[in-house]
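Single-structure report; data block below.
The values are calculated or read from the model by the stated rules, or taken from the named source; none is laboratory data. Because the structure is a prediction, the values reported are computed rather than measured. Backbone-built Cβ (ideal geometry, glycine too); neighbour counts: all protein chains shown. Heads up: the accessible areas ignore ligands, DNA and RNA and are worked out on the full protein's heavy atoms, side chains in. Shrake-Rupley method; radii C 1.70, N 1.55, O 1.52, S 1.80 Å.
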Amino acid sequence: MAKETWKPGNMLYPVPAVMVSCQRPTEKPNIITVAWAGTVCTNPPMLSISVRPERYSNGIIAETGEFVVNLVTKDLVCATDYCGVKSGRDVDKFDAMHLTPLNLPQVSAPGIAESPVNIACKVSQILHLGSHDMFLADVVGVTVDDSYMNEKGKFELNQSGLVTYSHGEYFLLGKKLGSFGYSVKKQKPSKNGRKKKAK
């Protein structure tokens, strides 16, 4: 099998496609689509988003120190793409995409009601890295859609139709291949004495 060596570039795919909402006081709320987003710490809970300095939302987030990460489902993928190519300087994205601002108790910025998970964040540090500014943020609250809670009280997030972004394209999460720790999980014998394969 032959390999090619390319110049350095961002090839860490797939990544989550998320809609980040933000708002200055007295102004309309805005949404920016972000693919450079990720978890950076469990305790305390922290995440990061990276936004180009010239983006309209960059200034809003830098000034207010707040934003909301809204997870994206297949029903939101068109709105997600729109919010990534249109600027809040020119259009009200909530209105254009018929999305509902959701008041959250922890931050002034609204979440997106149609999203299954809204993660309220407060900026702790801004790193000016080059093409992007990285906003390191503390997670100050999480709001979830209770329609994805099962009868046992478990939040079935993976049943919501989450979307990922890979090399310029959006994808729906597909077949489950395993769960955390399945590679070392002991196999249980079946009724016929054979060991069952761990799922």
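Taking the residues in region 24-46 that are in contact with a helix residue (DSSP H, G or I) (Cβ under 7 Å, 6 or more places away or on another chain) and polar (S, T, N, Q) as candidates, determine which candidate is surrounded by the fewest Cβ atoms within 10 Å (Cβ to Cβ). Steps first, please.
First, pick out the residues of region 24-46 that are in contact with a helix residue (DSSP H, G or I) (Cβ under 7 Å, 6 or more places away or on another chain): 24, 29-33.
Now narrow it down to the ones that are polar (S, T, N, Q): 30, 33.
Values: N30: 26, T33: 22.
If we take residues in region 24-46 being in contact with a helix residue (DSSP H, G or I) (Cβ under 7 Å, 6 or more places away or on another chain) and polar (S, T, N, Q), then T33 is surrounded by the fewest Cβ atoms within 10 Å (Cβ to Cβ).
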When L99 is run through (1) open to solvent by less than 30 Å² (accessible area, probe 1.4 Å); (2) over 21 Å from V69 (Cβ atoms), the failure sits at (2)
Quick count over region 1-22, residues being in a loop (DSSP other than H, G, I, E, B) and open to solvent by less than 50 Å² (accessible area, probe 1.4 Å), is 1
In region 127-140, anything crowded, with 16+ Cβ neighbours inside 10 Å and out of contact with any Pro (no Cβ under 7 Å at 6 or more places or on another chain) is listed as H132, M134, F135, L136, A137, V140
Going through region 85-94 in order, the residues found to be open to solvent by 50 Å² or more (accessible area, probe 1.4 Å), over 19 Å from A17 (Cβ atoms) and either without any contact (Cβ under 8 Å) to a residue 12 or more places away in the chain or of a type in the set (S, T, Y) (or both) are D90
Over region 89-105, the set of residues more than 22 Å from T143 (Cβ to Cβ) and either in a strand (DSSP E or B) or among the small types (G, A, S) (or both) is A96
Over region 143-178, the set of residues part of a strand (DSSP E or B), surrounded by 11 or more Cβ atoms within 10 Å (Cβ to Cβ) and not hydroxyl-bearing (S, T, Y) is V144, M149, F155, L162, V163, F171, L172
Taking region 106-131 and keeping only residues that are part of a loop (DSSP other than H, G, I, E, B), out of contact with any helix residue (DSSP H, G or I) (no Cβ under 9 Å at 6 or more places or on another chain) and within 28 Å of A96 (Cα to Cα), one is left with Q106, A113
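Can you report the number of residues in region 47-67 which are among the aromatic types (F, W, Y) and either open to solvent by 20 Å² or more (accessible area, probe 1.4 Å) or not in a strand (DSSP E or B) (or both)? Give the derivation first.
At the first step, the residues of region 47-67 found to be among the aromatic types (F, W, Y) are 56, 67.
Imposing the further condition that a residue be either open to solvent by 20 Å² or more (accessible area, probe 1.4 Å) or not in a strand (DSSP E or B) (or both) reduces the set to 56.
Residues meeting the conditions: 1.
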